[in-house]
Amino acid sequence: MTKTLERRFEHTLKFLDQTSPPPSRILDLGTPNELGKRMQLHGYEVSNTEGDLECPEPLGQHADLVTAFEILEHLVSPANVLRAIQAPRLIATVPLNLWFSKAYHNPKDLWDRHYHEFEDWQFDWLLEHSGWKIVRTEKWTSYGTCNGIRPLLRRFTDRYYAVEAMR
């Protein structure tokens with residue numbers, strides 16, 4: 001695992017612990033993933049969504065909270081998903097738009113692309129427009145190798161935005 005990914009997971013788990021310490025029932029949007037496995041090892045009861053999130057049915061009716069870690073930026077209409085969440089609490093992280101880098105896309109994988117990369121105020125507005133009240137936010141930088149000007153700028157420019165929201 002890369003140092004950047006390890007650091008992102010550490011920040012995300014710390015943010016989650018401050019909101020809802022284990023054991024909490026979490027619906028994690030998306031397919032099972034490494035961060036979800038870490039949440040389970042940390043004591044959380046984690047389940048994942050199945051199927052197309054672009055046309056969601058009610059989500060998280062039996063969960064203490066819903067997590068959306070690095071997934072909403074991949075959706076064409078994230079507001080529909082945010083409105084479909086029934087749980088009283090949401091923890092979400094999104095990548096921030098970087099002035100020195102284009103939006104991420106993997107040309108070999110149609111699912112590994114960002115339709116959105118937000119500025120913090122845009123994501124706040126999306127959440128509020130979807131019926132959520134923001135309780136707390138936090139930003140952190142990306143941390144990786146420092147070969148080149150863009151990797152150097154990433155060490156000093158916030159890349160990730162975490163939000164705790166309630167209904």
Next item on the list: Roll a 1.4 Å probe over the protein chains and send me the accessible area per residue for the chain in Å².
Entry: 56 Å²
Check: Excluding GLU57 itself, what net charge comes from residues whose Cβ is under 13 Å from its Cβ, given Lys and Arg +1 and Asp and Glu -1?
Finding: -2
Check: Full extension from GLN40 to THR137: what is 0.36 nm times the residue separation minus their Cα-Cα distance, to one decimal in nm?
Finding: 32.6 nm
Next item on the list: In whole Hz, with x marking every Gly and Pro, tabulate ³J(HN,Hα) for the range 83-95 from phi via Karplus 6.51 cos²θ - 1.76 cosθ + 1.60, θ = phi - 60°.
Entry: 5, 7, 6, 9, 4, x, 9, 9, 10, 9, 10, 9, x
Note to self: Just to confirm the number: angle between the C-alpha axis of helix 120-129 and the first principal axis of the chain, 0 to 90 degrees, nearest 10?
What the structure shows: 20 degrees
Check: Given labels modelled 7 Å from the Cα in the Cβ direction, how far is it in nm from MET166 to ASN48?
Finding: 3.0 nm
Notebook entry, point to check: So what's the angle, to the nearest 10 degrees on a 0 to 90 scale, between helix 3-19 and the longest Cα principal axis of the chain?
Noted result: 30 degrees
Next item on the list: For PHE118, enumerate residues with amide H under 5 Å from its amide H, sequence gap 5+ or separate chain, H modeled in the peptide plane.
Entry: ASN97
Next item on the list: Summarise the accessible area of the chain (1.4 Å probe, protein heavy atoms) by the percent that is carbon and sulfur.
Entry: 53 percent
Notebook entry, point to check: Once phi is turned into θ = phi - 60°, what whole-Hz ³J(HN,Hα) does the Karplus curve with 6.51, -1.76 and 1.60 give for every residue of the range 44-59, x standing for Gly and Pro?
Noted result: 7, 9, 10, 10, 10, 7, 10, x, 7, 6, 5, 10, x, 8, x, 10
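The values are calculated or read from the model by the stated rules, or taken from the named source; none is laboratory data. Since the model is a prediction, treat every value here as computed from it, not as a measurement. Positions of Cβ are backbone-derived with ideal geometry, glycine not excepted, and every protein chain shown enters the neighbour counts. Just so you know, the surface numbers come from the protein's heavy atoms only, side chains and all, with ligands and any DNA or RNA stripped out. Shrake-Rupley method; radii C 1.70, N 1.55, O 1.52, S 1.80 Å.
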